[in-house]
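> Below: one structure in structure tokens.
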Amino acid sequence: MMKKFYIETFGCQMNAHDSEKVIGTLLARGYEQTETPAEADLLLYNTCSIRDKAEQKVFHRLDQFKREHKGKTFGVLGCVAQQEGEKIFDRAPHVDLVCGSASYNKLPEMLIQLESGAKRVTGLSLDTDETFETPLTRRDNPYRAFLTIIEGCDKSCAYCVVPFTRGPERSRTSDSVLRESFELSSMGYTEIMLLGQNVNSYRDPSPAGLDFAALLRAVGQVPGIRRVRFTTSHPRDFQKDIIDAIGENESLCNHVHLPVQSGSSEVLARMLRQYTRDEYMRRIDWMKNAKRDIAITTDIIVGFPGETDKDFEATLRLLDEVQFESMFSFKYSKRPNTPALQYEDHLPEEEKQRRLLILQEKQRQIQIRRNAAYVGQVHEVLVETFNSATQQWVGKTSQHKPLNFTHVSQGPEAALQGTYLPVRVTRAGPNSLVGESLQ
Ligand code: SAM
Ligand code: SF4
């Protein structure tokens with residue numbers, strides 16, 4: 001019987017957390033995780049299909065697996081598995097398992113089938129009311145835990161494949177979220193990251209009926225939990241009570257990731273984002289007027305079909321107005337099944353690339369200015385690791401800003417990981433801060 005597995009994970013935090021759940025399930029069935037595919041009998045590939053030529057990359061990697069690890073058992077998990085389905089068996093006949101994220105709760109049964117030699121095992125149904133919960137989750141980071149509160153997405157942004165790969169929205173009960181938060185605290189975790197494609201549309205299906213802000217407050221009150229983060233927020237469903245909750249509760253991190261995608265209302269309408277530039281800016285104003293200094297980060301897509309120079313300039317102006325703390329930026333890429341595929345006026349690759357570079361340079365300048373303003377301030381840092389190349393400790397502030405710092409007891413033997421330290425910022429770069437610990 002095969003007993004060793006290797007897993008490779010691509011994509012967002014949801015995918016990373018899904019892999020933690022899959023790993024926990026396999027360990028509970030007596031499997032052992034290996035660091036390299038060569039040592040494993042079962043090779044799993046948790047895929048992402050959000051951008052680029054994701055499918056091609058997956059098939060390329062599967063071919064590589066086949067050449068280098070003949071005769072082993074192969075499984076494709078995640079978004080490309082859901083999107084391509086049984087077609088994967090046709091293009092890569094050596095694959096034995098194809099399973100999308102909505103079916104991970106059936107993984108134990110699928111493993112039994114694989115163990116008894118079954119081929120072409122699938123878990124592809126999106127028709128599920130269950131959210132995947134497993135007490136077996138094997139978390140990677142000993143201090144920060146991911147916790148899913150809502151699966152799937154009911155929006156249908158014109159460029160996005162997620163509703164097809166992760167299915168409709170399913171919220172978890174608040175009881176179950178809180179039970180897991182207490183468990184995490186008793187296991188020594190002090191930071192929780194609440195996950196969902198659109199956490200703001202969280203609706204507690206139990207009689208307690210909490211909305212997202214109420215759930216956030218409740219998790220923030222779990223004893224021992226010092227930091228609560230959440231991602232991703234959709235501007236349309238983002239309500240002011242979330243800002244009020246952050247203002248009133250120090251354990252809720254003062255960071256909000258609010259993807260705008262474009263600064264042009266015309267482009268937003270064609271993206272089917274369901275908000276205008278002005279509506280987005282109203283939410284920014286709420287945050288700028290909040291009791292605490294909230295770091296705002298965003299996602300932007302350049303070169304959406306039909307994006308004119310004027311539209312793009314509106315996005316650049318939005319960057320100037322908001323002064324985001326940081327930004328993820330992407331060139332629009334065509335995704336299967338999505339409405340934007342049918343749109344006319346797809347932009348040439350070179351033009352998308354040109355806009356991306358302009359956008360990124362503008363944001364770099366903003367970050368240089370913003371970060372310089374941190375010099376002299378003291379921030380509490382959750383220490384993550386020691387970087388022996390720079391001889392600095394590495395941690396994050398509540399605003400999710402990377403802060404590298406020196407400490408009187410230098411070197412990994414000081415074992416500061418997982419502690420919270422006050423650090424004075426002494427220097428700033430575009431992407432991180434440098435400082436000295438005060439304790
Ligand atoms: N649910 C989140 C939201 O609505 O903002 C984000 C989901 S997605 C995993 C993360 C980011 O990928 C999006 O915010 C968007 O900027 C980007 N993205 C999604 N589809 C894309 C596409 N077809 N081309 C380029 N970027 C894309
Ligand atoms: Fe995709 Fe839009 Fe849903 Fe985010 S809200 S996952 S961008 S469809």
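> Going by the conditions given, is LEU195 within 16 Å of ligand 1 (Cβ to nearest atom) and within 30 Å of LEU27 (Cα to Cα)?
Answer is yes for this residue.
> Hey, among THR9, THR36, which residue is out of contact with any helix residue (DSSP H, G or I) (no Cβ under 9 Å at 6 or more places or on another chain) and either crowded, with 18+ Cβ neighbours inside 10 Å or among the hydroxyl-bearing types (Ser, Thr, Tyr) (or both)?
Result of the check over THR9, THR36: THR36.
> Oh, and also: Considering segment 165-200 alone, what residues qualify as being near ligand 2 (Cβ under 9 Å from one of its atoms) and assigned to a helix (DSSP H, G or I)?
The answer is ARG166, and nothing else.
> Another question about this same structure. Does GLY11 count as away from ligand 2 (no atom under 16 Å from the Cβ) and among the small types (Gly, Ala, Ser)?
no
> Counting only residues that are in contact with a strand residue (DSSP E or B) (Cβ under 6 Å, 6 or more places away or on another chain) and charged (D, E, K, R), which one in segment 73-110 is surrounded by the fewest Cβ atoms within 10 Å (Cβ to Cβ)?
Residue satisfying both the conditions and the ranking: LYS106.
> So which of ARG67, ARG29, ARG51 ends up being in contact (Cβ under 8 Å) with a residue 60 or more places away in the chain, surrounded by fewer than 21 Cβ atoms within 10 Å (Cβ to Cβ) and more than 25 Å from CYS12 (Cα to Cα)?
Within the list ARG67, ARG29, ARG51, the selection yields ARG29.
> Tell me, please, whether a residue that is assigned to a loop (DSSP other than H, G, I, E, B), without any contact (Cβ under 8 Å) to a residue 60 or more places away in the chain and more than 23 Å from VAL80 (Cα to Cα) can be found in segment 349-360.
No, segment 349-360 has no match at all.
> Go through segment 394-410 and give me each residue that's among the aliphatic types (A, V, I, L, M) and part of a loop (DSSP other than H, G, I, E, B). First the steps, then the outcome.
The initial filter retains those residues of segment 394-410 that are among the aliphatic types (A, V, I, L, M), namely 394, 403, 408.
Scanning segment 394-410 gives a single hit, VAL408.
> Give just the number: which of (1) buried (at least 16 other Cβ atoms within 10 Å of the Cβ); (2) at negative phi; (3) at pLDDT below 95; (4) in contact with an Asp or Glu (Cβ under 9 Å, 6 or more places away or on another chain) does GLY167 not satisfy?
It is condition (2) that GLY167 fails.
> Test of understanding: among ARG236, ARG273, ARG217, ARG227, which residue is within 21 Å of LYS331 (Cα to Cα) and among the basic types (Lys, Arg)?
After ruling out the rest, the residue left standing is ARG273.
> Tell me, which residue of segment 145-164 that is among the β-branched types (Val, Ile, Thr) and part of a loop (DSSP other than H, G, I, E, B) is farthest from ligand 2 (Cβ to nearest atom)? Spell out the reasoning first.
Looking only at segment 145-164, we keep the residues that are among the β-branched types (Val, Ile, Thr), and these are 148-150, 161-162.
Filter once more, keeping what is part of a loop (DSSP other than H, G, I, E, B): 149, 161.
Numbers: ILE149: 15, VAL161: 8 Å.
Top of the filtered list is ILE149.
> For segment 15-54, which residues satisfy the criterion of being within 23 Å of SER329 (Cβ to Cβ) and in a helix (DSSP H, G or I)?
ASN15, ALA16, ALA54, listed by residue number.
The values are calculated or read from the model by the stated rules, or taken from the named source; none is laboratory data. Model, not experiment: these values are computed from the prediction. Don't worry about glycine lacking a Cβ; one is built from the backbone with ideal geometry, like all the others, and counts go over all protein chains shown.
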